[in-house]
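Trainee: Before I ask anything, let me first share the structure, which is written out below as structure tokens.
The values are calculated or read from the model by the stated rules, or taken from the named source; none is laboratory data. Computed from a predicted structure; not experimentally measured. Cβ: placed from backbone, ideal geometry, glycine included. Neighbour counts: every protein chain shown. Calculation scope for accessible area: heavy atoms of the full protein, side chains included, ligands and nucleic acids excluded. Shrake-Rupley method; radii C 1.70, N 1.55, O 1.52, S 1.80 Å.
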Amino acid sequence: MSQDCASPVFRPFHFGVQQARIHAENGNTYVMADQDLQPFASNMTERLIYWADKTPDQTLFAQRDPALGGDWRRVSFAQALHAARSIGQALLDRGLNAERPLVILSENSLAHAQLALG
């Protein structure tokens, strides 16, 4: 017995590479973008600083909070940048660096995201 279902409706979404070339050689398949790689930030901090400047009040992270009756707890770009700088400095003050790293054992949470940015 089949059920008549309407096809889903999708809106156009233009992001990144739109066209690619496919080339097969020696049993391998290669996919190459039809456009050159565009300039990009060398790290996440550069992007965070950029968006905190351009859209400081826009939400970067959000998580439902049972303490708020299931409402969303949000962290804006500006708040995330402030937290990253504060946390980063606190980690440096404790002597943590590339030679003495920190391990984060945590579920996904706003605190985890901010600590990772720090």
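Trainee: Hand me the list of helices (runs of 4 or more DSSP H) wholly inside region 40-118 holding 3 or more residues that are open to solvent by less than 40 Å² (accessible area, probe 1.4 Å).
Mentor: Output list reads 77-93, 110-117.
Trainee: What residue, of Thr29, Thr55, is in contact with a Phe, Trp or Tyr (Cβ under 8 Å, 6 or more places away or on another chain) and more than 16 Å from Leu115 (Cα to Cα)?
Mentor: Thr55
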